[in-house]
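The values are calculated or read from the model by the stated rules, or taken from the named source; none is laboratory data. Only a predicted model underlies this, so the values are computations on that prediction, with no experimental measurement involved. As a convention, Cβ positions derive from the backbone with ideal geometry for all residues, glycine included, and neighbour counts pool all protein chains shown.
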Amino acid sequence: MNGLGNGRLIGLVAIVGALLLIGVACGGWGKGSDPAKETPVFGVTEVRLDDFAFAPANIVIDTGTTVTWTNYDNETHTVTSDEGDELESERLGKGETFRYTFETPGEYYYHCEPHSNMHGLVTVRPAP
């Protein structure tokens, strides 16, 4: 290749790299972008924050159940309600937990404040 060809190739690589970084920064990649599309898991009370995702991302529990979120990542994460203020954890470091007891039936969508691609859903059924 001549010098002009190399310059164009370098420019193209730089543009593609920049677009990829922008996509990742805006949450364009990542697990759990729509927790309602995930298969719901019934009766689970432990949610892992691992590999920049909530696992499982969609759980179904009965009223009065306490759910515990534990961070397994080296990065800090939060558990934050999309609407309302039921779920408002501090930043959780590796090994730290956040617990919440759900007393009212409904759907509780949540996310991680610093990582916009992390989303979860807790569906609370009336107690049997």
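Numbers for the structure displayed
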| read-out | value |
| --- | --- |
| Whichever residue in segment 48-78 is hydroxyl-bearing (Ser, Thr, Tyr) and part of a strand (DSSP E or B) and, among such residues, is farthest from the chain's Cα centre (by Cα) | THR65 |
| Selection count, segment 83-101, where residues are outside any strand (DSSP E or B) and surrounded by 11 or more Cβ atoms within 10 Å (Cβ to Cβ) | 8 |
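Conditions (1) farther than 24 Å from ALA127 by Cβ; (2) modelled with pLDDT of 90 or more; (3) touching a Phe, Trp or Tyr at 6+ places or on another chain (Cβ under 9 Å); (4) loosely packed, with under 14 Cβ neighbours inside 10 Å, marked per residue:
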{"residue": "ASN6", "(1), (2), (3), (4)": "yes, no, no, yes"}
{"residue": "GLY11", "(1), (2), (3), (4)": "yes, no, no, yes"}
{"residue": "CYS26", "(1), (2), (3), (4)": "yes, no, no, yes"}
{"residue": "VAL41", "(1), (2), (3), (4)": "no, yes, no, no"}
{"residue": "PRO56", "(1), (2), (3), (4)": "no, yes, no, no"}
{"residue": "ILE59", "(1), (2), (3), (4)": "no, yes, yes, no"}
{"residue": "VAL67", "(1), (2), (3), (4)": "no, yes, yes, no"}
{"residue": "ASN74", "(1), (2), (3), (4)": "yes, yes, no, yes"}
{"residue": "HIS77", "(1), (2), (3), (4)": "yes, yes, yes, no"}
